[in-house]
Amino acid sequence: MFTGIVEAVGKVLSIESRGGALHLAVELGKLAGGTKPGDSIAVAGPCLTVAGLSGQAAHFDAVAETVGRTTLGDWRAGREVNLERAVAAGARLGGHFVTGHVDGRARALAVRSAGGGAEMDFSIPAGCGKYVAEKGSVALDGVSLTVARLLSESSFRVALVPHTLGATTLGKLQPGDEVNFEADILARYAARLLGKDAPGGTLTEEKLREHGFA
C-alpha cells in the first residue's frame, strides 16, 4: 500500500524485454538505503517488487499484464520515474490509499500555468469514468492528486502546486504524453457495492429485496 506522496525521482538505467515481460534496473538514489529484495516500490505508479540490488540500483520484473496496462512498454533508459516505498504501519497518510495496481493509461490533453502551479486536463481510461468524481482522488504516475473538475464523462482536470511540479515528473508533462492512471480504491469498492461493476448493472430496490436488504 502507498500514499501517492512521491519520495524521490529515480532514473531507468536499463530495460530489457523478456517475451512480453520486462526486466528493468532503476537508480533509487537516497531510497537505496534500507531497501532489500522483496520490498515493494511504486515506480511511476505500478507496484513492483525488488528482485535484486546492485549499489543504488534496484532490479524489477514486470509481467505482461502490468506491461499491457501501463506505460512501461514505452520506457527507455534515461527516463525519470516517481518512486515511493510501501507505507509503514503507523506512518502518516499524506495522500490517499494507493495500491500500485494501475487501471490504464491517461493522456494529457492540456497543460497550462496557473498561479505558480499548473492545471492539467487528462483523458479517463476506458471503463474508469465511474470512479472519477469532482474532489475525489486519483493517482497519476504514482502521484496522489485531487480531481479539481470533471470536464466530461471522458476527461478531468487536476491542479498541481509548485512543490508537486518540482518534486515529481509531472512538471515535465506535455500535451499528448501518457501517464499511469489508478482510480481511488474506495471509489472502486463503492461502485462494486452499488452494483455498477456487477453483472446485471446497478442495484435496484427489487435486487436489494432479493438479497434481503430491503
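Read the figures in this text as sums done on the coordinates, not as results from a lab. Being a predicted model, the structure only gives us computed values, none of them experimental. Reconstructed Cβ throughout: ideal geometry from the backbone, glycine too, with neighbour counts over all protein chains shown.
Overview of results
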quantity	calculated
Options Ala187, Ser152, Ile124, ranked by Cα towards positive dipole end of the stretch 104-193, top entry (Cβ charges)	Ala187
Length-normalised contact order for the stretch 8-85 - Cα pairs under 8 Å, 6+ apart - percent	40 percent
Charge dipole (debye, nearest 20) of the stretch 53-113; +1 at Cβ of Lys and Arg, -1 at Cβ of Asp and Glu	260 debye
Cβ-based exposure ranking for Glu27, Glu134, in which fewest neighbours within 10 Å come first	Glu134, Glu27
Lys, Arg +1 and Asp, Glu -1 on Cβ, resulting dipole of the chain about Cα centre, debye, nearest 20	220 debye
